[in-house]
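The values are calculated or read from the model by the stated rules, or taken from the named source; none is laboratory data. Not measured: the values here are computed from a predicted model. Please note: Cβ atoms are built from the backbone with ideal geometry, for glycine as well, and neighbour counts cover all protein chains shown. Ligands, DNA and RNA are stripped out before the accessible areas are found, and what is left, the full protein with its side chains, is counted by its heavy atoms. Shrake-Rupley method; radii C 1.70, N 1.55, O 1.52, S 1.80 Å.
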2 protein chains.
Amino acid sequence: MGRPTEVRLEAEVKEWHGEADVLVIGLGAAGACAAIEAANAGADVLVLERAGAGGGTSAMSTGQIYLGGGTAIQTACGFEDSPDSMFDYLMAACGPDPDENKIRTFCDQCVEHFDWLVDQGVPFKESFYGEGSYTPTDDCLSYSGSERAHPFPGVASPAPRGHTVQQEGIEAGVQLMSSLLEAVERTPTRIETDVRCETLVLNDARRVIGAVATYEGKERAYRARRGVILCAGGFIRNREMVRKHAPWLSQCRWAMGTDGDDGRGIRMGLGAGGETIRMHTGCIVLPFTVPKGLVRGLMVNRLGQRFINEDAYQTVVGEAALVHHGGEVYLIVDDHIYERPFPPTEFAAVGETIEELERELGMPTGSLQNTVELYNRGAQDGNDTVFHKSPENVVPLCKPPFGALDYRVEHSLWSVFTMGGLHTDVDGQVLSADGKAVLGLYAAGRTTSGIAAQGYSSGLSIADGTFFGRAAGRAAARHDRMAPL
Amino acid sequence: MGRPTEVRLEAEVKEWHGEADVLVIGLGAAGACAAIEAANAGADVLVLERAGAGGGTSAMSTGQIYLGGGTAIQTACGFEDSPDSMFDYLMAACGPDPDENKIRTFCDQCVEHFDWLVDQGVPFKESFYGEGSYTPTDDCLSYSGSERAHPFPGVASPAPRGHTVQQEGIEAGVQLMSSLLEAVERTPTRIETDVRCETLVLNDARRVIGAVATYEGKERAYRARRGVILCAGGFIRNREMVRKHAPWLSQCRWAMGTDGDDGRGIRMGLGAGGETIRMHTGCIVLPFTVPKGLVRGLMVNRLGQRFINEDAYQTVVGEAALVHHGGEVYLIVDDHIYERPFPPTEFAAVGETIEELERELGMPTGSLQNTVELYNRGAQDGNDTVFHKSPENVVPLCKPPFGALDYRVEHSLWSVFTMGGLHTDVDGQVLSADGKAVLGLYAAGRTTSGIAAQGYSSGLSIADGTFFGRAAGRAAARHDRMAPL
């Protein structure tokens, strides 16, 4: 066995091949924002990207950003929002025990952050899309969380906060990254592609002073005069890490990430003295809400039990279904509410009665029948007496035939990415297990644990990646954060 | 902000106050076994204990050790067991994705490990206790997991594997540690108490070469010529760490640990380049199984739903109840099966009918009634058609009055300790995030993630602590594991 490869000491670096004030590792949304802000603060910035071009997983995303507190788009579309409402929702939805400092800072500065994105050239249309979270049109605003679902209206005034970048003939995620990369190019930032960073370099005072990478099979060392910012993605594409930290996530068919989401950034940070938190968590998408009328169905586990209000956000339903019910779930529908789902989803069973459906599904006799009977009893008056689904989504299921749409994790197109990572503060500073700064080291995006400890709302990942990426860029560029080299 | 304190470099150590081949940090069961084996392998061993005497959390335990594969006690009591049966059970019960290598090695060598404990002077009586996991008598063997509960009899032949140390007028945990400490004293091992280790020392090759501690308020450095073994407990007594990594555990009233379970060992290992895994997990004891007839009741969540076979082991019920049902659970009983529970537990509600009980509990109308009705339907024939509780534990609940025993986590004496920690291999070698050895560093006990990833059976903690503590002692003492200093 050799020694750990996650870190090098300065004495082990024979030659520096490049140098900058601030070294940004990874050029997705977080890295781009970090670079822009560091450059704007006067730092000489070098970005190292392992792929042939910038974009990262952000470019593959839906281009939706969770923003609020009263953005120009929210106001233009007639929705009221405030930093406090947004704070209250996120604190309640993103727990248990989400990072209050991060959420407070993000909510308080969110309008400014939206404006900054616009200033960078990221396009948003002043329009609201009411059919769901994902906007297949070029519309901007949508409800992308559980804001209107029980119990959140009792916690905070609902407002739509999903801000999808305006598509101009390309996917919104691609548009987002195209705009951000153009903004980077307007700064003096240098970019080197096909450079795969592998390890950080520490000096004798254990300050991070650079990184070692491979380029065309050869090792290259890059010196950072002020700081290194890890924006290298999560670890959903690293089978071994997923197995070690969050094995349940590996059941989902669609790992949302690029090859770069191999956890290297997280492991580099660990090697330099950082701590990881929430490594067991993921954003788990159970895609059963298109068309939106399907939330009138009943999501049940393998024993025919409901476990959540079906109009909770699809990631929240997905987390409950996978983490608490083994991913063995079905959506019970009748002939009245059934519409062809997108993505296409098969029936696990159909029956002329719930009893027959229950039998076909192999559920205990009476189990599903009891569930539907209890639901229908309240639904006659528009009430979900057990899980408090919103009245507009509540109708009795009584028109045969009945069906069970097969949303079991192995049969359905669940998608997932990792949410755990390096522990950082509101400046993007990487923290040790004792809560001390790992000097010279910053991180943002899914290399870190962000706003959502659990309980994901769509757009939060690009939101905290861009927001805390900017913070990291500013902090790394600041002289007063430096210890003497 | 200062720099991380979790690690020191050799150049920062001005004076070494002590020295040994092998430095063992912490003198609970893991540390004692590590010291004995290292000493028996010819190493000069020094144990540093932060308390005034050895014992640690092991001395506070029930003194139960999960052992099997055909131990002398199992055989004497007429139970058949094999390493393969034990392996099959543990692989199924301790997941998802428990460490197969650790479980295989432990099961294959478990009979030898039992014999070794006996050789060290740990007393076991050749007797079986059938009334529960915890043995209030001086008996030894009991079922301390879910071996006889669904689905495990279909996975592996059940055998009782809880081996409680024979009490001789003192608590079994105290007896265990008393015996092990006497065994340590029969070796040339040196012990220093009231020495609180704070950080590890690395040389330029990042090999662990010692530790820095405080003694009477002064800093002392100890050099380890061959290796350091961290046996410093878990982190249940560190509020901040619990909040960061496993906030749900903080709801349990009884944190099973000493002041030493502050996570210092884990943080020292992280600082030296080790990785943590499963930091979100805990052993969660929901104490509802004494007297054992209470498992004939129905454990339901706040919505009146059952979620598990009540005869699953109390830690498994506890994990499901806390992690998946928010700790809001009640045990529904009728006048026929009710017996006064130990520890004493209040009724949250009583009623002449289930309907009344349901109403008193504020559960949705029909929810608990449906649950009891469905259960009673099968129970008439001795069948739990939903969760497959064993027939001997299944009777209809139909004799009024009915009651809901209040096992909500804030009202009941749940106990808990942390299960996550440093990632180690079967030699107790601490591993980095890349799976490489952190040279010179070993760990065992609750400073590490052990046999149970989740799904605890009682006695596993002392089992893996003693077993892998021994392995770490042998490995640290071996010259061939050394890199040149």
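Worth a mention:
- In sequence order, segment A:293-300 has phi-based couplings of x, 5, 5, 6, x, 10, 7, 10 Hz under the Karplus curve 6.51 cos²θ - 1.76 cosθ + 1.60, θ = phi - 60°, and Gly or Pro positions carry x.
- Its Cα gyration tensor gives segment B:201-252 an equivalent ellipsoid. The semi-axes, each the square root of 5 times an eigenvalue, are 30, 15, 10 Å from largest down.
- Net charge of Cβ neighbours under 12 Å - reference B:SER449; Lys, Arg +1; Asp, Glu -1: -1
- For the protein assembly as shown, a crude dipole built from +1 on the beta carbon of Lys and Arg and -1 on the beta carbon of Asp and Glu, taken about the Cα centre, is about 2380 debye to the nearest 20.
- Positive contributions from Lys and Arg (+1) and negative ones from Asp and Glu (-1), summed over other residues with Cβ under 15 Å from the Cβ of A:THR289, come out at -2.
- Fraction of the pair-distance distribution of segment A:1-152 above 28 Å, Cα-Cα pairs, percent: 37
- All Cα pairs of segment A:208-295, percent lying beyond 20 Å: 49
- Acute angle (nearest 10 degrees) that the helix B:29-40 long axis makes with the longest principal axis of chain B, alpha-carbon atoms: 40
- For a label point 7 Å along the Cα-to-beta-carbon line of A:ALA53, residues of segment A:142-186 with backbone N under 20 Å: A:165-186
- Take each residue of peptide A:270-281, count the partner chain Cβ atoms within 10 Å of its Cβ, and average: the result is 6.
- Pair-distance profile P(r), taking every C-alpha pair of segment A:30-91, with 5 angstrom steps and integer %: 4, 13, 15, 13, 15, 18, 13, 8, 1
- The alpha-carbon atoms of segment B:69-164 define a convex hull whose volume equals 92 cubic angstrom per residue.
- Amide H contacts for B:THR448 (H built 1.01 Å from N in the peptide plane; partners 5 or more residues away or on another chain; cut-off under 5 Å): B:LEU422.
- Each helix, a run of at least 4 DSSP H residues, gives -39500 (n - 2.57); summed and divided by the residues of the protein assembly as shown, these come to -7500 deg cm²/dmol at 222 nm.
- Once Rg and the Kirkwood radius are both taken over the C-alpha atoms of segment B:100-211, their ratio Rg/Rh works out to 1.10.
- Computed FRET value (nearest 0.05) for A:GLU410 with B:ARG253, which takes r as the C-beta separation and R₀ as 30 Å: 0.15
- Among B:GLU410, B:GLU346, B:GLU19, the sequence by solvent-accessible area, most first, with a 1.4 Å probe is B:GLU346, B:GLU410, B:GLU19.
- Around the amide H of A:GLY282, modelled in the peptide plane, lie the amide H atoms of A:MET419, all under 5 Å away and 5 or more residues distant in sequence or on another chain.
- Sequence-distant contacts, meaning Cα pairs under 8 Å at least 6 residues apart, place the relative contact order of segment A:49-141 at 28 percent.
- In degrees, nearest ten, helix B:110-119 long axis to first principal axis of chain B (Cα): 70
- Portion, in percent, of the accessible area of the protein assembly as shown that falls on carbon or sulfur, probe 1.4 Å: 48
- Computed over segment A:199-277: relative contact order in percent, which uses C-alpha pairs under 8 Å that are six or more apart: 28
- Using a Förster distance of 51 Å, the FRET efficiency for B:SER390-A:GLU392 (Cβ separation, nearest 0.05): 0.70
- Reduced Cα scattering model of chain A, Debye log10 I(q)/I(0), q = 0.08, 0.10 Å⁻¹: -0.49, -0.73
- In order through segment A:367-373: 3J(HN,Hα) via Karplus (6.51 cos²θ - 1.76 cosθ + 1.60), integer Hz, x for Gly, Pro: 5, 5, 4, 4, 4, 5, 4
- As a ratio to 2.2 N^0.38 Å, the alpha-carbon radius of gyration for segment B:382-485 is 1.72.
- Shown for segment A:116-176 is the translational diffusion coefficient from the Stokes-Einstein equation, using the Kirkwood radius over Cα pairs, a temperature of 10 °C and a viscosity of 1.306 mPa s: 128 µm²/s.
- Between amide H atoms placed 1.01 Å from N, distances below 5 Å from B:LEU439 occur with B:VAL208, all of them 5 or more places distant or on a separate chain.
- Relative to the longest principal axis of the Cα atoms of chain B, the long axis of helix B:83-93 lies at roughly 70 degrees.
- Modelled label positions at B:SER157 and A:ILE170, each set 7 Å beyond Cα in the direction of Cβ, lie 6.6 nm from each other.
- With the simple model of a label 7 Å out from the Cα in the direction of the Cβ, A:THR75 to B:LYS399 spans 7.1 nm.
- A/B buried area, accessible surface, summed, 1.4 Å probe, Å²: 5100
- Buried on assembly, segment A:330-373 (at least 50 Å² less accessible surface than by itself, 1.4 Å probe): A:ASN370
- Treating r as the C-beta distance of A:MET60 and B:GLU240 and R0 as 41 Å, the FRET efficiency rounds to 0.65.
- Average Cα contact separation per residue, chain A, under 8 Å, 6 or more apart, as relative contact order %: 23
- The distance between label points at B:HIS336 and A:GLN380 comes to 3.2 nm (points 7 Å beyond Cα on the Cα→Cβ vector).
- Were the residues from B:THR187 through B:ASP108 laid out at 0.36 nm apart, the gain over their Cα-Cα distance would be 25.7 nm.
- Our summary of shape: the Cα atoms of segment B:286-368 have principal axis extents of 30, 28, 19 Å, ordered from largest down, in whole angstrom.
- Size of the protein assembly as shown: Rg and Dmax of its alpha carbons, in Å, are 28.9, 83.
- Residue-level accessible surface for A:PHE114, protein heavy atoms, 1.4 Å, Å²: 10
- Calculated Rg and Dmax of segment A:232-341 using C-alpha coordinates, Å: 16.9, 58
- Beta bridges by DSSP in chain A, antiparallel share as percent, to the nearest 5: 60
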